[in-house]
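The values are calculated or read from the model by the stated rules, or taken from the named source; none is laboratory data. This one's a predicted model, so the numbers in the text were calculated from it and none came from an experiment. With ideal geometry, Cβ positions are generated from the backbone for all residues, glycine too; neighbour counts draw on all protein chains shown.
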Amino acid sequence: MELILQQSVWIQWAIMLTLGCVYGGLIGLIPSAGPGKAVILLYSIVAIFDTAGAEYLFILFSIATVVSCSVGDSFAGVLIGIPGASGAAATMVDGFPLAKQGKASYALSAAIFCSTVNGLLFGILGFMLFPFYREIGSVIGTAEIVGLVCCSFALISVVTTKHTFRSLIAISLGCAIATIGWAPDGMGDYRNTFDWEYLEDGVSILIIGVGLFALPELIQTLKDKEFDILYIDNKTHNKQTWQGITAVWKHKWLALMGGVIGWITGLMPATGGGIGDWAAYSATVGLSKGEKFGNGNIKGIIGSEGANNSGKIGALLPTVMFGIPGGKVFAYLMSLWIYLGFDVGTDTVLQDTKFMDHLFWGYMLGTAITGFVMIMTARHLSKIVYINPMYWALPMMLLTIYTVLASSGFITLWEDTALLILLSFFGVMMKKYKFSRPALLMAFILFPSIEKGIIQLKDLYFYNGLYITNDIWWEHPILTICLIISILLIFYGFTQKNGRIDYA
Amino acid sequence: MNKTILAVMITAFLTTTAAAEQFTYIVPSSPDGGIAKHAQQVTKEWSKFLAKKGHSLNLRYMKQQKGKKAATEFATTYKDNPLVILQSKGIIMFMTSNKGWKGYDPRNYVPIFGQKTGVFMLAKSDLPKKPAINIGGGAETIVDAMGAVMMECGNMSVSKMLDCQKDTYRYIKGWQGSGSRRKGYLAGDIQITRDAFKNIGSTYKDEIKSGKSVVWFSHGIASANGLVDDPSINSAPSFPTLFTVNWKEAPKGAYYNAYKKMIELRSTSKYIMVHQKNPYYEDLLGSFNEMINDKESMKKLNKKLGAYPWASGVELKKTLDDIYSSVDKKLLKDIQTIRQSFGEKTKINRNFFK
């Protein structure tokens, strides 16, 4: 670190941004890893930055890591059908089929370009809104959060397959798995654990994601021996890269809608990861009448990736302004910044122009550099699909399993392994018999928020069975509107004669 | 002569090598949890002095089962490992839950050092007729609600207090961590909440400055003289002080005893411990003593963690023993009754009185 600090400021910034982008990008490429894992690993090196001058470089490095990791996590989903993170699973639904059709560069460039542009656009918007965030924060209360989560939950009905009944079973299963562990009222009771202590913490989303998607896809790949992929030459790859970029422009309103959804869900501290991407994907499906999804529709990629990086800036605002992390990734990031002496959530930090400069430029340059580099390298990386899976599927499977087991520090090694095997079996069966895995995953992610929201609204407005106030629907119009939209969405989703997502 | 020098050099080398150890400091939380942040700040300074004795520290986070896993691993897997240190957590949880402790009992271990910390209660200045108060953290926030209840109801028997408790506030459950609770307070959904000193000056700064919120009281810090004023924010009265002003008498009775005991347990819960007869005890304690005598380190820690009192070694052991031994069956039964009235499925740990 001393060697770096002896260099000029420009060189220091260049080194830190490069390290952040490379490190974050590489972690993002690892199936099932994602920004959360990338930031947790920073705990082992943060002490290096604990010297005068270096702490600001850590801000630059860490935020560049998060944004580049978010950009990079599309690769695994698109190229090998394994979500880089729970949110990136939405991109995989249409991205992987496109890769199989020989359009990996098309899918990747659209995903990366959309994520990067929205990251920059909403990044500027987000930083401009810093002075007004207090007002925004005071408008979004429990009722509004419940309303928005209800909308996201209702959107699940849109992503059901044409097998409505099977989709309903998948949604129910997702909700049922989400009920395992500590009860949502926070009163220290747990449920549905079958007296297995391990289940007290509930089922990890990482195990659900890998079990349902990653391992079944890798097993399928090994079974097939090779992808049935159309081989294309370099010239076509280049052409596809440009086509991907122009596709984003063509569907710019969908991209923008995804960005808005990601940004808003990112602002809400109670919702958790992955909601924005899935909600944006579902909204895209809902808005694209008569179109099939899940078989390589570029709109599906643009919609979900639109929410990817915009969600990060949405989550950054409450973290820096109030010290209220907008998600788990930012909770980790905040504790690292506090470790280095930054009073996150105070005026001290907001008035620290050096801190804000490093944060802003780390975010913007990290997004731009990673986006540019990833688009440039996408055509090369996408050639992985031409390599016989026998050479990479098994190592990739082992790496994925290792990532899952390492995430709990190997403390619950056997339990994690057993659950992973069980859920992989479920994943294989669901894929085979066309039970919607995305619907299960979304239900699993959203159900706890819905349940907590209902408990809170009941206590806030319907205490002791009495109607505390008749004005809730007028005082919180966002809740009212969201609930109406939710009912309509559910009705719409399940009355469609032909389910429009062809992916299980 | 040469042989003597060689022997001295070998002895010195062996001694140094044997003394240089890497300790694993188990934190029963995820890296972003409150006690994890405390541990991170403490180890940042402490490790400097530990290094002088040739040792190093490595933090290991075990968030599983709300920290219970860390405790049981310490009691079983690391039973004979002198290089493992455990951060205390959930002493109230230990006393009020019956299952799965696998031989863990905080009274069996040797505390090295700890810091007594405090918590503040905040309230909106303009409270509605029946204000909403959060108790979403379960084990963590029931005691905060108890303080608020007593402040409104005065001295009463437990049964009468439970009735008053029902009629005083609406208790809002289901907050997903302190972040969403803070957001709920700022948005006005809950009008009474609790938080640590660090957040008073950050998250709620504007609310307090504009007069929308007030720091109602601090629960106080456990001491030989009962609960005393919190040193981190002098302007906030402690619970006993404000109660006495409001009710013209000191707080008393079984409900207060249960409240006070839980505050004492929470106030002294940030300490670290090792197994008995740990060969490195003197090194660990000595390096801590060097740290608290170092002005630079203490300045940093006071800024980050608050100017709360530290305790160590025999003194800390005695404080903890006194607190544990003062918990009798009746008191724990009252604690159970009160906690159950808030909706917690509390069951007294049968092993506590063995």
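Take the conditions (1) surrounded by fewer than 18 Cβ atoms within 10 Å (Cβ to Cβ); (2) over 24 Å from B:M121 (Cβ atoms); (3) within 21 Å of the chain's Cα centre (by Cα); B:E296 misses just one of them, which is (3). A:S86 meets the stated requirement of being buried (at least 24 other Cβ atoms within 10 Å of the Cβ) and modelled with pLDDT under 90.
When B:D105 is tested against (1) farther than 28 Å from B:K303 by Cα; (2) in contact with a helix residue (DSSP H, G or I) (Cβ under 8 Å, 6 or more places away or on another chain); (3) modelled with pLDDT under 85, exactly one condition is not met: (3).
Do any residues in the stretch B:221-235 that are not assigned by TED's automatic domain parsing to the domain that holds B:L316 have Cβ atoms under 9 Å from those of residues that are assigned to a loop (DSSP other than H, G, I, E, B) and among the aromatic types (F, W, Y), where the two are at least six apart or on different chains, and which pairs are they? Sorted first by the residue in the stretch B:221-235, then by its partner, the pairs are B:I221/B:Y308; B:D230/B:Y308; B:P231/B:Y308; B:S232/B:Y308. Annotation: B:I85 fulfils all but one of (1) surrounded by fewer than 19 Cβ atoms within 10 Å (Cβ to Cβ); (2) modelled with pLDDT of 95 or more; (3) among the β-branched types (V, I, T); the unmet one is (1). In summary, helices (runs of 4 or more DSSP H) completely within the stretch A:130-229 and bearing 3 or more residues that are touching a residue at least 40 places away in the same chain (Cβ under 8 Å) and over 29 Å from A:W263 (Cα atoms) occur at A:164-178, A:215-224.
Could you please find all residues in the stretch B:336-347 being in a helix (DSSP H, G or I) and touching a Phe, Trp or Tyr at 6+ places or on another chain (Cβ under 9 Å)? The one that is in a helix (DSSP H, G or I) and touching a Phe, Trp or Tyr at 6+ places or on another chain (Cβ under 9 Å): B:I338. Filter the stretch A:276-319 down to the residues that are under 19 Å from A:K162 (Cβ atoms) and not in a loop (DSSP other than H, G, I, E, B) and list them by number. Across the stretch A:276-319, the qualifying residues are A:Y281, A:S282, A:T284, A:V285, A:G286, A:L287, A:F293, A:K299, A:G300.
Given the criteria of a type in the set (G, A, S) and either surrounded by fewer than 20 Cβ atoms within 10 Å (Cβ to Cβ) or modelled with pLDDT under 85 (or both), does A:G409 qualify? Judged against the criteria, A:G409 is a match.
Within the stretch B:109-167, can you find the residues that are more than 14 Å from chain A (Cβ to nearest Cβ) and under 21 Å from A:L457 (Cα atoms)? Those that are more than 14 Å from chain A (Cβ to nearest Cβ) and under 21 Å from A:L457 (Cα atoms): B:A123, B:L127.
Checking A:M390 against (1) in contact with a helix residue (DSSP H, G or I) (Cβ under 6 Å, 6 or more places away or on another chain); (2) exposed (fewer than 15 other Cβ atoms within 10 Å of the Cβ); (3) among the aliphatic types (A, V, I, L, M), only one condition comes out false. Which one? Against the list (1) in contact with a helix residue (DSSP H, G or I) (Cβ under 6 Å, 6 or more places away or on another chain); (2) exposed (fewer than 15 other Cβ atoms within 10 Å of the Cβ); (3) among the aliphatic types (A, V, I, L, M), A:M390 comes up short only on (1).
Only one entry of B:K183, B:K198 meets the criterion of being within 9 Å of another protein chain (Cβ to nearest Cβ), within 24 Å of B:P237 (Cα to Cα), modelled with pLDDT under 85 and out of contact with any Asp or Glu (no Cβ under 7 Å at 6 or more places or on another chain), and that entry is B:K198. Among all residues of the stretch A:312-325, there is none that is more than 18 Å from A:T346 (Cα to Cα), at pLDDT 85 or above and more than 14 Å from chain B (Cβ to nearest Cβ).
Is it the case that the stretch A:128-149 has a residue that's more than 30 Å from A:L457 (Cβ to Cβ), modelled with pLDDT of 80 or more and surrounded by fewer than 24 Cβ atoms within 10 Å (Cβ to Cβ)? Yes.
When the stretch B:201-215 is filtered for residues that are at pLDDT below 85 and not polar (S, T, N, Q), only B:G201 remains. What's the total number of residues in the stretch A:345-370 that are surrounded by fewer than 24 Cβ atoms within 10 Å (Cβ to Cβ) and within 11 Å of chain B (Cβ to nearest Cβ)? Selection size over the stretch A:345-370: 5.
Looking at A:Y339, A:Y332, just one residue is within 13 Å of chain B (Cβ to nearest Cβ) and more than 16 Å from A:A64 (Cβ to Cβ), and that residue is A:Y339. Within the stretch B:35-46, can one find any residue that is farther than 27 Å from B:V119 by Cα and more than 8 Å from every other protein chain (Cβ to nearest Cβ)? Taking every residue of the stretch B:35-46 in turn, none turns out to be farther than 27 Å from B:V119 by Cα and more than 8 Å from every other protein chain (Cβ to nearest Cβ). Look at (1) out of contact with any helix residue (DSSP H, G or I) (no Cβ under 6 Å at 6 or more places or on another chain); (2) buried (at least 16 other Cβ atoms within 10 Å of the Cβ); (3) in a loop (DSSP other than H, G, I, E, B) and you find that B:N234 fails only one, number (2).
Residues checked against (1) in contact with a Leu (Cβ under 9 Å, 6 or more places away or on another chain); (2) aromatic (F, W, Y); (3) not in a helix (DSSP H, G or I):
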{"site": "A:M16", "(1), (2), (3)": "yes, no, no"}
{"site": "A:G20", "(1), (2), (3)": "yes, no, no"}
{"site": "A:I40", "(1), (2), (3)": "no, no, no"}
{"site": "A:S62", "(1), (2), (3)": "yes, no, no"}
{"site": "A:I82", "(1), (2), (3)": "yes, no, yes"}
{"site": "A:T91", "(1), (2), (3)": "no, no, no"}
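Taking the stretch A:389-409 as the range and being within 14 Å of chain B (Cβ to nearest Cβ) and either on the phi < 0 side of the Ramachandran plot or within 20 Å of the chain's Cα centre (by Cα) (or both) as the test, the residues that pass are A:L405, A:A406, A:S407, A:S408. Evaluating B:A20 against the criteria (1) surrounded by fewer than 18 Cβ atoms within 10 Å (Cβ to Cβ); (2) at pLDDT 95 or above leaves one unmet condition, (2). The residues in the stretch B:263-316 that are within 14 Å of chain A (Cβ to nearest Cβ) and either in contact with a helix residue (DSSP H, G or I) (Cβ under 6 Å, 6 or more places away or on another chain) or in contact (Cβ under 8 Å) with a residue 60 or more places away in the chain (or both) can be counted, and the count is 6. Could you tell me which residue of the stretch A:455-504 is modelled with the lowest pLDDT, considering only residues that are assigned to a helix (DSSP H, G or I) and of a type in the set (S, T, N, Q)? Ranking the qualifying residues of the stretch A:455-504, first place goes to A:N464. Considering (1) crowded, with 20+ Cβ neighbours inside 10 Å; (2) under 21 Å from B:K129 (Cβ atoms); (3) not basic (K, R), the lone condition that B:G220 does not fulfil carries the number (2). The set of residues in the stretch B:141-169 that are in contact with a strand residue (DSSP E or B) (Cβ under 9 Å, 6 or more places away or on another chain) and among the acidic types (D, E) contains only B:D144. For the stretch A:393-415, the set of residues classified as within 14 Å of A:A214 (Cβ to Cβ) and in contact (Cβ under 8 Å) with a residue 12 or more places away in the chain consists of A:A393, A:L394, A:M396, A:M397, A:L399, A:T400, A:I401, A:T403, A:V404, A:L405, A:S407, listed by residue number.
Can you find, within the stretch B:320-343, the residue that is farthest from the other protein chains (Cβ to nearest Cβ) among those that are under 24 Å from B:G103 (Cα atoms) and surrounded by 15 or more Cβ atoms within 10 Å (Cβ to Cβ)? Only one residue tops the list, namely B:L320.
Return a yes/no flag: does the stretch B:48-58 have any residue that is buried (at least 22 other Cβ atoms within 10 Å of the Cβ) and more than 17 Å from B:A20 (Cα to Cα). No: zero hits.
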